[in-house]
Every structure is written in C-alpha cells, then in structure tokens.
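The values are calculated or read from the model by the stated rules, or taken from the named source; none is laboratory data. Note that the structure is predicted; figures quoted are calculated from it, not measured. Note that each Cβ is placed from the backbone with ideal geometry, even for glycine, and that neighbours are counted across all protein chains shown.
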Amino acid sequence: MRAGVDIGGTFTDLVSYDGDGGQLSIHKLLSDPQRPERSMLAGLEAIVPGGISGLEQVAHGSTVATNAILERKGARTALLTSAGFRDLLFIGRQDRPTLYDIHPRIPTPLIPRERCYEVEERLDFRGEVLQPLDLAQLDRVLERVAADDVDSIAVCLLYSYVNRNHEQLIKRRILERGIVDEDWRVVLSSEVLPEFREYERASTVALEAYVRPVMSRYIGELETALPAASSLRIMKSDGGVMRAGRVRRQAIHTALSGPAAGVMGAFHLASVAGHDRIITLDMGGTSTDVALVAGEPQPRAESAIDGLPLRVRMLDIKTIGAGGGSIARVDAGGALRVGPESAGANPGPAVYGLGGVQATLSDANAILGRLDAERFLGGNMALDLSAGERALAELARQIGYSVVDTAQGVIEVAIVNIDRAIRHVSIARGHDPRDFTLVAFGGAGPLHACAAAEGLDIPGVLVPPAPGVLCAMGLLLADVAVEYSQSVICRASVESIAALRESQEDLLARARHELRQEGIGAEAMRFVASLDMRYEGQAFELNIPFGADVIEAFHAEHERTYGHAMRWREVEIINSRVNGIGKIDKPEMAALEANPHEAAAFGEKRSPLGGQTALYERSDLKPGASFAGEALVYQMDSTTYVPPGWRARVDGYMNLLLERV
Amino acid sequence: MKGAPVSVDAISIEVFKNLFAAVAEEMGLTLQRASFSPNIRERLDFSCAVFDAEARMIAQAAHIPVHLGSMPASVAAAVEACDEFHPGDVVVLNDPYHGGTHLPDITMISPVFAGGDLSYFVASRAHHADVGGMTPGSAPLSTELYQEGIIIPPLKLRLSGWMNEGAMALIVANSRNPAERIGDLEAQLAAHRIGESRLADMMIEHGVESTAEHANALLEYSRYMTEAVIARIPDGVYRFRDAMEGDGQREYELPIQAQIEVSGEAMRVDFSGSAPQALGNVNAVPAIVRSATWYCARLLSEEDIPVNHGCFQPVAVTTPAGSFLNPRFPAAVVVGNTETSQRIVDTVLGALAQALPQDIPAASLGTMNNFTVGGFDGDDQFVYYETLGGGHGASNRGDGLSGRHCHMTNTLNTPVEALEYSLPLRVRRYHLRDDSGGAGFHRGGDGIVREYELLVPATVTINSERRLRPPYGLSGGAPGQCGLNIIRRDGEDTVVSGKHSAYLGAGDRVIIETPGGGGWGVNQSDAEVIPG
C-alpha cells in the first residue's frame, strides 16, 4: 500500500493505492498547523483499511520549509565568507526591490550581520590559491561562532565551485572543535550549489542552513510516527521525490514541494489522456500557481523565495496574489484592482459570513451564482449571499456599475493578472500558449479556467476528476529524481565536449548509486545528460541535452528562444549535468469506453447573463457525456464553470474536457 | 473622492494597464537574456517602453528611472528626423542634443502599424560599455561632446526589415569592444521584434480603436492620480539649493537652485539660478532634468501609478538656456545623466521636505560612483563600466538602506566571480562601510567599500560626487559621511578627487568608499547629553 499526503495550510489531502491494478482512494481532512504529523497520521488511518502497519511507502508534500522562511522561524545559523566579503547577504545585488518607493525596504536576511564572519583565504577564478587558509585566524573566528550557540553553519567562499578544499578544511575544523555535533549541520556552498555568482550561491547556502535543522527535526517526527517498515519520501521543487533521509542534505529542495506536486499530478493525468503539453492553473484561496510543461517537466535554476535568491532547480512555477479570497477595491485613479491583498481564511470572503465586508473574487462568483450555496465545500459551509451582495453593492456604487456587471469586472481583472502570469511561463520562454492544454485545479481553478484560456486563445481546458486533491495524486505518481551537476566553464569544441562526455561518467555513476540507495532497480532507471551553454559573453545559459551535435543544438535553441542565432560566435559550456529518474510503478489507468451521449442536467437556474444555466453533478457524468455552456458542474471540492460558447465532454479517464465551440 | 476620472470603465483600464506593461516587460526579458556585456546582462542597465503615435509614453518596464522620463525626447527626435516610417523600420540614436542623454545610452525606436496607419512606437535604451571617446568606457573627463564617443543622430538602422549594415559597421567600428557591441545591438533588435509583434497581436485581439482608446485612458488615469498626489502638498513656493562639486576639470561649486510652486493640482519647478554651463562633463540636457523632477513627483505616491506621459503632464519644468541644466551644443555631458541627475533629485526633494517634513527622506548617497576601466589583456582590448550603491537617507519611517543604489538608478552589481573571470581585475574587498550613515532618531544607511586590484596596466576613470559636500540630514539628523576615492601605488595611498582619470600599473589598487545616507530626526540619547 502506498499513499501520497499533501499537507497544506487549511487541508490535508491523501490519495492511496494498493498496487497491482488496485483502487485509488481519496481523503481530505482539516490540517493541524501546529502538529502536521498528526494530520498525516489521522489521514493515513482513515484511508488505509487494514491500519497503517500495512503501508510500504508514503510520499509527502510539505510546506514546513516554505513557512519557516516566510515567517523567519528557521534555525539559528552563522555564515563564513572569504575575507573582505562578509556583507554578501546584505549588499545583495546592490539594487532596491521597488523603483519608486520613498522608503524602500529589503527582505530581512536570514542570518544577522553579527553572525557573518570573514575567514582569511582567497582563490582566483581558476581555483588557484592566492592566499592559503589561515588556520589560526579560523580558530579565532570559530571561538566566536561557538559563543553564538548556532544550530547550523553556512560556508560560502569565493570560487569554491572550482576548488572546494578550503571549504572542506573549514568543515573539518568545525567538527574537530565540536562547534556543532553532527556533520550535516555544516553547510558548504561547494556541496549545495557548486555554481558561479557568489551572492546567489551565498543566499542559497544560507537558505539551506536556515531550513535544514527545521526539516530534519520535522522528518524525524514523521519517521517516528510512521511504522518502521514504511519508507517516507519527500517531494522536491523539481517535481521528483527523494527519500526522507536526503532532506538532511537537500532541505531547501523542498521549498516548492506542494506546488510541484500539483504540477506533476496534472501532468501525469493529462499525459495519460493524451495531452502532454500543458499549462497548469492551480488556484486556491490566496494565490494562484501557473506552470508550463512541454512534453516533460523542465526545472530551472533561477528563482527566489520571499525576495531571497534560490538557485536550485525548481519547476518554473509563477505564483501571483490572485485567489478566491483576493480583495477587490477601487484605487485613487478610479481603476478596479483585485489582490494581492487577501481576506485569507478569516474573516475570508463576505459570503463566508464570518464578518468579512470587503468584496472578494469568491463574492463575485457567488453573486453570479457560480458557487453552490447549499453544498459549498461538500455542505460543510453555508454561504451568506446577502453579505456578499452588500460587499459588491458598495464596490458597484464606487464605479457606477450594476452589481452583476461589477462582479463580472472583478473576475475579468483577476483573469488579466492570471493572463500575465501565463504569458510569463509561456510566451516569455518561447512557447505559444495556443499549442497547450490548460489543466485547471485547486478550489477555484475550474471556475476561471475558460476565461483564462479565452484571453490567450488556448483551445482546450482539462479538469481532472478530483481537482481538489491533485497535489496528493502528484505525490503518489512522482518518480524519484536525482541530479548531479558540476560547474565546468570552458569553450565548446569537439575536444572539450569529448572530454566532458568522459567526465559525465562520474556524475552518472553517482546518480546511479543514489538511485540504487533509493531502492530503484536498474531497469527502472533513466538518465539524461545535458550541458548549460551560452555564447561567450552572455550571462544566461540554455540547457541543451547531450546529443550528436550539441553546439548546433545550442544555436537552434537560441534561435527558437530569442529569434536569432550567431553561429560565428564562440560557445561556452558552463555546467555539466546528469539527471537520474527512478521510475515508480504507477496505478494502471485504462481508458473506459466513452459512448458519446448528451448528458442530463439535474437542474437549471436563471443566469445573471440572461438565459438559463444548466446544472450538472460531476459524479453523474459518465465517459462520453457532453453538454454545452452555460453550465455549472458541481463536485465536493470544486465547481467548474462552462461559459456560453464552450462545450464540455467527459473522456475515458473521467477528465472533463472543455473546448470552444 | 471624485468618481472615476477616466473615459473608459474601471475594469478595462486595469486590463489594458497589464496588457501594455506586459509588452514592455517581454521586451526587457528578451534584451537581458540575449545580451553580451556585463553591463546589460548582469547589471540590467537598460529600459523598454511603449509610446503612442504622438510620442507619448504609454507603458514602461521599470528598470532605470533616469531612462524613462528622458525616452519621450528620443521618440520625438526620431519622428522629427524621419519623413516617414514603414513596418520593419528601426531608428537608432544617442545624440544628447537630438533625443539622447549621453552617448553610451543607445536608444532604438521602431514603429508599429495597424493596417496602414502608424499607431505606436516601441523603444529600448541600453547603456553600452564603450562607444569610443577619450578613455575606455566612454565616460571621460571631457570638455566637448566630440571627446565622448561616436555621435549617432537619429537614423534608420533597419529599413522595412533590411539591416543598414553600413550604419551598424560604423557604430561597431567606433567601439573598443566591437564583438560585444554587435551582440548587444542584436539583443536590442531582438527585443524590438518581440515588442512589435506583441503590440500587433494586442490590436488584433482587442481591436485597433479600443486599444487606442484605452491607451488614452491610461494617460488620463495616471495624470489624475499624479494630480491627486500634488493636491495633497500644501500650496506655496518652496526653494532649495544644493550643489555639484566640480566638472572634472576643476573642483568648484556648481549650484542647483530649485523653486517649486505648488498650486492645487499642478506643480512648476524652475531651475533658474543654477550654475552656468560648465567646461567639463557634468552638463545635463533638459530631458534629464525633467526625468529627475518627474521621478520626485512619482515618489510621493503611495499608490502604484503606472508611469506614463500622464504622470508628466501636471509637473512643468523650466531650465534656463545656457545653464548647466540646459547646455548648448557641443558641451560635454557624459556625467550629467548619472551624477547631475542625482543632485537634481536631492534639490527637488530638499524643497519638498519643507512642504512635507514627515514624508521626505534625508539625502541618499547622491552619486552613482561610476568606475570605468580599460586597456589591453595581452592582445585583447577590454573595457568595463560599473556603478556602486551606498547609504540611503533615513526618514520618519525608519533607517535608510545600506549598500544600495538610490533614486535615478537601480542597476545590479556584477558578481565578483563573473567580473574576475572575464576581466584582468581582482576585487579585494566588497563590504559595507561601517558608521558612514548619518546619526539621528533614524540612522542613514551605510556606504560601500570596494577595492579593485589591476592585474594589467589600464586606464581608470572615476566620476563621483559627494566627496566634499555630504548628503544632508533632515529634521535634526546628521549628514552622512562623504565618499572617498583612493589610489594605492607601491603601497602608498593617495586620495584623489571625485572625478579622476589615471593610467595605472599592474598591481595598483583603486579603493572607492561610497557616501552614507543622511540621518533623520534628533537621536534622543544624543539630545540628553547636550546641555540646555
């Protein structure tokens, strides 16, 4: 028996699978934010019929690392840098985050300045020693670090990605002197991110040192709670899972654990049904995550969390502050704005009846009759429509519109924000959204998917059978992923590429060993070798799979991405990578026979747009069923809105496919 | 509050604001990623914007404030210089007296058509690390424009889609690093292709007339919001005087005098009384003065006003002809864009502080600390340009930021690991300058110390300010510390002037200590020990 467990801020979602063509079961319960391991256990007991002792594997998506960073509740840590560079984290890239701000602020660094220390040593860019490590001075620094009583120590020296000796000497000294008691508490930049750009590397190593003790403790609690025979895996931001023990080495790789699980779940379900080029729309109460997968997930290494650069490979997920709880207001210039301020869960949207008075996106949907007043969240919550109407009437008064038109306007403004996020992950990366299917999930995704698709001419929308538990599904389906990279920085030539091909054997051996440790058999292993390449003089690399003519492949990719190639220019290779995948056995998904037929609505109601809206129950819809908009499809954890001019049909995998007529 | 001031509805104004901004943003992303010089790809010293057919700015991708208020002049100059436009044209220019600001900033402008009608322009401006001139990096201690590099009047670099290879070759041949120039100019052209096609798509999707109507509405919207900000400033006349410290030829005070007249929803800023045109490189063309003044007005808004032509309308700027804020051709101007622009901001904010003492921060570092270096690394010629941040002024709301760029610039630093890999330089120290911020109830932010070691002989040019006159404090706060430029030869330190150029040897070092920000308010503990 295997289970996927996604613990979010409000709900804990579980999906289980008993192997060999068995059944999938789904369960949802409220999270216990103080003791997440309790939510996991309670959920597992509910979903595993014979008791949790029969569990073989649990895959988990966690927000623990993310929350520790956002709330600045991570470990007490110190930073050691090369002499002359103790303020790396404070100067950053020297810019301010906002251009027109009379009193600009920067995100609070994770390590205070008084715990940042300089170590006398210096390498040059080739890794040659300009100044040897001064051990006596190091000892004096370590005296002071000892007095700081830290949980972990981050070390980031210049050029450690070429020559790691000094960092390793420092680590050895720290352990010899017992400044910290376990070796994983010393976090070296040459181990976490052996790549150039000192601030981004220092920021990444500080993030790792900040969350590693927290994640380590959390994983320890989970492992104690779970039966000894079951193995725990954690979702990483790149969409793969790793065994829980690895978290003590790669804690920061879980920063986007939950959202990545959603993307992987969406991709798996969509590709089984024949849609392997997708854009995901995961819309919740406070925010929306948008990501693009073109044939296979392609993680990128340029992102940030709470304004702090994080350079580990993560799925390219764009998050914006637009969700059901986003507040709508009229600004000083008379324009209607939606978000990023959110009513949160408490008081929440006005229709929750918990005292919220400001109009939100959920209120707008409620006014337009798109939320099921009787069965909202499976009947667990009654909607207070009159409170929603009061909130929108006030907004309508300010802009001089009817309440219904105002509600539509609120949705339209939220959609344009989503539109911009989708452009960011598609057009700005050289992908045409018209070649993709939009996969909508999260509580509010299926309500807004068609409108989002219309703005970008996306031809079709797919709503999976259980859009509210897609992250848990993604956990159950995710493969084990390992990655090894090495900064190489050299000019691309036939000779250098041949030499790199040889040195990749070492990365490959390490990846193979790691997968074996994860219990993956040789037949289930897949490896992809690639190079990060750029024209000499550029700062951004393109990741090119290692094939017959990688240099030509790079020119072609540059042309596709930027519209021009410069075949006369020298090409540089920056990083060499090997990605290993351990294929996990997936639930067999066979298509049911789909007999085309017109679906029967269980009712209808007057649409505020004029005409009637047909009402459908998702669980009544059989494969092959189809119907035209305007329609609403109700199910326990989500509502799908099918606008006029759209048609819905159910495929053999029970997905709801929406297409423009 | 007045009702919605705009002629279109509250909903679609927000929709089109995002659509236009997305065009400029995508141009910027393309330019950054395809570019070659550290100055563009690492430091993001560029801007992109969308204009209407009347050369009014509709939307911008926010990068560098000094670019944005001065780009309208570029589009106007392109329109004036060209009899007609065709699809696929790209105009290039850098002449400060015809739409430019200083020669390293090369601006491109291309028309976007709807059917047969010219409807919009997209524009990009990027700071190119070398465009020729007296010293590597094209920021020399010059006395006339001709010494600052190649002058490009508005001309078509692309005609109906065909490259003007001759013009390209001429521009590139005048740079000390031609291969990098080609790459960066190509990246700008790539950004234009993206911008042109996105705008065309937008007109197809939303209709030509509706798009135009909403562009107009966006201008009205920003104008209305800017007027609301000005209306909150008490009516009156406010004066302030600050000064530059020298023109690169000699050290002397060049006063900047601002008189601000606020009346209802309009603001007039008159710079009469400022110093006459200088012999050296600190002259600033009027586009820069307007840009810096508009920036100050935009700063006063709490609401996120989209920066476009509408923000500029309520703020009138007067610069007396023949002053160093409105120089006559061919006066040297290269530092007007970076240094004089910062002092204009200090002067305008200083005047506004009298009207809004609780809102305006003390002076920030007030200089970009421009560092240019160039020479030969073996047979290869190299050129490099960068700027340094420092301490921000404190305000009623808290301490000033340390080690960051302020006001008219927001370029990033070049990572030391990227810089040393591509140039024969070594950065020995890069840290905050402790206790350089001005004391006060809230402290000014600290400056930066950056120490460079040359690995080969090279020409170094520094253009900096606030080496003699410190950034002012406000409401009783102390001024920040002045910056300091030091050259270390054979172990011996020499303090050099704020603007300095020298040919140095291998092993020599340049140490730049940047100014701290001014403090705000009286520190209670300090006040207690002062008798009386």
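Observations, loosely collected:
- In the set A:PRO340, A:PRO309, only one residue is closer than 19 Å to A:THR254 by Cβ, within 13 Å of chain B (Cβ to nearest Cβ) and more than 14 Å from the chain's Cα centre (by Cα); that residue is A:PRO309.
- Looking only at region A:415-447, and only at residues there that are outside any helix (DSSP H, G or I) and in contact with a Lys or Arg (Cβ under 6 Å, 6 or more places away or on another chain), the one that is farthest from the other protein chains (Cβ to nearest Cβ): A:PHE436
- Among residues of region B:70-99, those that are of a type outside the set (S, T, N, Q) and out of contact with any strand residue (DSSP E or B) (no Cβ under 6 Å at 6 or more places or on another chain), counted: 15
- Residues within region A:133-168 that are more than 35 Å from the chain's Cα centre (by Cα) and surrounded by fewer than 17 Cβ atoms within 10 Å (Cβ to Cβ), tallied: 10
- Every residue from region B:194-218 that is in contact (Cβ under 8 Å) with a residue 60 or more places away in the chain and closer than 22 Å to B:ILE40 by Cβ: B:ILE194, B:GLY195, B:GLU196, B:ARG198
- Search result, residues across region B:31-67 that are aliphatic (A, V, I, L, M), out of contact with any Phe, Trp or Tyr (no Cβ under 8 Å at 6 or more places or on another chain) and closer than 20 Å to A:GLY92 by Cα: B:LEU44
- Within region A:312-337, tally of residues that are part of a strand (DSSP E or B), within 14 Å of chain B (Cβ to nearest Cβ) and either within 18 Å of A:GLY240 (Cα to Cα) or not β-branched (Val, Ile, Thr) (or both): 6
- Per this entry, B:ALA76 is not counted among residues that are assigned to a helix (DSSP H, G or I) and surrounded by 24 or more Cβ atoms within 10 Å (Cβ to Cβ).
- Restricting region B:197-207 to residues that are exposed (fewer than 15 other Cβ atoms within 10 Å of the Cβ) and of a type outside the set (Gly, Ala, Ser) leaves a set whose member that is nearest to the chain's Cα centre (by Cα) is B:ASP201.
- Annotation note: of B:GLY336, B:GLY310, B:GLY366, the sole residue that is assigned by TED's automatic domain parsing to the domain that holds B:GLY437, touching a helix residue (DSSP H, G or I) at 6+ places or on another chain (Cβ under 6 Å) and buried (at least 24 other Cβ atoms within 10 Å of the Cβ) is B:GLY366.
- Residue in region B:343-366 that is assigned to a loop (DSSP other than H, G, I, E, B), farther than 23 Å from B:LEU103 by Cβ and without any contact (Cβ under 8 Å) to a residue 60 or more places away in the chain present: yes
- Residue count for region A:250-266 satisfying the condition of being over 20 Å from A:PRO213 (Cβ atoms) and of a type in the set (Val, Ile, Thr): 1.
- Set A:ARG577, A:ARG526, A:ARG516, A:ARG569: member being on the phi < 0 side of the Ramachandran plot and modelled with pLDDT under 85: A:ARG569
- Among the residues here, A:LEU395 does not qualify as farther than 25 Å from A:PRO587 by Cα, over 24 Å from the mean Cα position of the chain (by Cα) and in a loop (DSSP other than H, G, I, E, B).
- Residue list for region A:5-53, restricted to those being part of a helix (DSSP H, G or I) and among the basic types (Lys, Arg): A:ARG38
- Residue within region A:642-659 that is at pLDDT below 90 and either more than 30 Å from A:HIS27 (Cβ to Cβ) or in a loop (DSSP other than H, G, I, E, B) (or both) present: no
- Residues in region A:582-604 that are surrounded by 20 or more Cβ atoms within 10 Å (Cβ to Cβ) and either free of Cβ contacts under 8 Å to residues at least 12 places away in the same chain or in a strand (DSSP E or B) (or both): A:GLY582 alone.
- Any hit, region A:401-410, residues being part of a helix (DSSP H, G or I), within 29 Å of A:MET654 (Cβ to Cβ) and modelled with pLDDT under 95: no
- Test: residue in region B:233-241 that is within 14 Å of chain A (Cβ to nearest Cβ), at pLDDT below 95 and out of contact with any Gly (no Cβ under 7 Å at 6 or more places or on another chain): no
- Residue identified as within 13 Å of A:ARG248 (Cα to Cα) and outside any helix (DSSP H, G or I) among A:VAL187, A:VAL211, A:VAL180: A:VAL187
- Hey, B:LEU412 touching a helix residue (DSSP H, G or I) at 6+ places or on another chain (Cβ under 7 Å) and surrounded by fewer than 24 Cβ atoms within 10 Å (Cβ to Cβ) or not: no
- Selection of first residues in region B:508-532 that are under 13 Å from B:LEU388 (Cα atoms) and at pLDDT 95 or above and of second residues that are of a type in the set (S, T, N, Q) and part of a loop (DSSP other than H, G, I, E, B), restricted to Cβ pairs under 6 Å at least 6 apart or on distinct chains, gives the following pairs, ordered by first then second residue: B:ILE512/B:ASN369; B:THR514/B:ASN369; B:GLY516/B:SER436; B:GLY516/B:GLN481.
- Count - residues of region B:393-407 that are over 18 Å from A:ASP87 (Cα atoms) and surrounded by 24 or more Cβ atoms within 10 Å (Cβ to Cβ): 5
- Every residue from region B:154-185 that is surrounded by 19 or more Cβ atoms within 10 Å (Cβ to Cβ), of a type outside the set (A, V, I, L, M, F, W, C) and within 14 Å of chain A (Cβ to nearest Cβ): B:ARG158, B:SER175, B:ASN177, B:GLU180, B:ARG181, B:GLY183, B:ASP184
- Extreme residue, nearest to the chain's Cα centre (by Cα), among residues of region A:212-228 that are among the aliphatic types (A, V, I, L, M) and over 16 Å from A:ALA75 (Cβ atoms): A:LEU222
- Of all residues in region A:448-461 being in a helix (DSSP H, G or I), in contact with a helix residue (DSSP H, G or I) (Cβ under 7 Å, 6 or more places away or on another chain) and touching a residue at least 60 places away in the same chain (Cβ under 8 Å), the one that is surrounded by the fewest Cβ atoms within 10 Å (Cβ to Cβ): A:ALA451
- Looking only at region A:91-129, and only at residues there that are facing another protein chain (nearest Cβ under 8 Å) and within 27 Å of A:ASN165 (Cβ to Cβ), the one that is farthest from the chain's Cα centre (by Cα): A:ASP124
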